[in-house]
Amino acid sequence: MPSQTTGVIADRYATALFDLAQGQNALDQVAGDLKSLKAMIRDSADLCRLLDSPALKRAEQGKAVAALADAAQFHGLTKNFLGLVASHRRLPALPGVIEAFLGALAKKRGEVTAKVSSAVALSQGQHDALVSALKATYGGTVAVDVAVDPSLLGGMVVKVGSRMVDSSLKTKLQHLKLAMKGVG
């Protein structure tokens, strides 16, 4: 869990990047880069270690992040921003920066973001049905961020803002276990 200080730092960096991207009419390109980077962080334990490692020197982290940005063909603003973050030893805050940036962009566009965890990957039909149901409930544009969490066993957890709907098999089994304890 990120500390409160890390959250403040992430918000400041995200705000600065958002303002720069907006000024350069590059919000969509930077958002796309950050979404790609978010997926890379989620899928790569090595990248997570790079971001969190205090043992690596600033220059080493900077070179690694620059190589990653070049390989992914990120926008120049994104590349420069990642270099700045690395040079200031703020790479551990990067996931928070990404979330704050994407949240600010969604707010600017009037979008609602739904974080969905499902036990298995959703088919295109299931994804479309979920988006339709969320649009009917919340109106407007709904961005869906789907992650697979096999520990749920079945079902899904949907979180929109402070509201959460948990229809996972894991939670249902936990409730059943508590109910069974109360019977005996």
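Taking label points 7 Å from Cα along the Cα-to-Cβ direction, THR15 and SER123 give a separation of 4.6 nm. Taking Cα atoms, how many degrees apart are the long axis of helix 169-183 and the longest axis of the chain, rounded to 10 and kept between 0 and 90? On a 0 to 90 degree scale, this one is about 50.
Structure remark: mean-square fluctuation, Gaussian network model of the chain, C-alpha springs under 10 Å; the largest value among ARG12, ARG49, ARG163 belongs to ARG163. Here the scattering of region 145-184 is modelled by Debye summation over its C-alpha atoms, one equal scatterer each and no solvent; at q = 0.23, 0.32 Å⁻¹ the log10 of I(q)/I(0) is -0.78, -1.04. Annotation: per residue accessible area for region 1-111 equals 57 Å², rounded to a whole number [probe 1.4 Å, protein chains only]. Using all pairs of distinct alpha-carbon atoms, the Kirkwood hydrodynamic radius of region 84-166 works out to 14.3 angstrom. Given contacts defined as C-alpha pairs under 8 Å and at least six residues apart, what's the relative contact order of the chain, whole-number percent? Once divided by the residue count of the chain, the mean separation gives 20 percent. With viscosity set to 1.002 mPa s at 20 °C, what whole-number translational diffusion coefficient in µm²/s follows for the chain from Stokes-Einstein and a Kirkwood radius over Cα pairs? The Stokes-Einstein estimate is 116 µm²/s.
Would you mind classifying region 35-82 by shape? Square roots of the alpha carbon gyration tensor eigenvalues, ordered a ≥ b ≥ c; an a/c under 1.5 is rounded, otherwise it is prolate if a/b is larger than b/c and oblate if not. Judged from the Cα gyration tensor, region 35-82 comes out oblate (a/c at least 1.5, b/c at or above a/b). When shorter helices are ignored and each DSSP H run of at least 4 residues is given -39500 (n - 2.57), the per-residue value for the chain at 222 nm works out to -20500 deg cm²/dmol. As a test, work out the antiparallel percent of DSSP beta bridges whose residues both lie in region 1-157, rounded to the nearest 5. Antiparallel bridges: around 20 percent, rounded to the nearest 5. If you plug the beta carbon distance of ARG58 and LYS35 into 1/(1 + (r/R0)^6) with R0 = 30 Å, you get a FRET efficiency near 0.70. Once the mean of 1/r is taken over each pair of separate Cα atoms and inverted, region 2-109 shows a Kirkwood hydrodynamic radius of 13.8 Å.
Stretching the chain fully between ARG49 and VAL146 yields a gain of 32.6 nm (0.36 nm per residue, less the alpha carbon separation).
The label point for ALA67 and the one for THR137, both projected 7 Å from the Cα toward the Cβ, are 4.4 nm apart.
Between region 145-175 and region 31-61, the alpha-carbon centres lie 27 Å apart.
The values are calculated or read from the model by the stated rules, or taken from the named source; none is laboratory data. If you're wondering where the values come from, they're calculated on a predicted model, not measured in any experiment. Methodologically, a virtual Cβ is constructed for each residue, glycine included, from the backbone with ideal geometry; neighbour enumeration extends over all protein chains shown. The accessibility values were calculated without ligands, DNA or RNA, using every heavy atom of the protein model including side chains. Shrake-Rupley method; radii C 1.70, N 1.55, O 1.52, S 1.80 Å.
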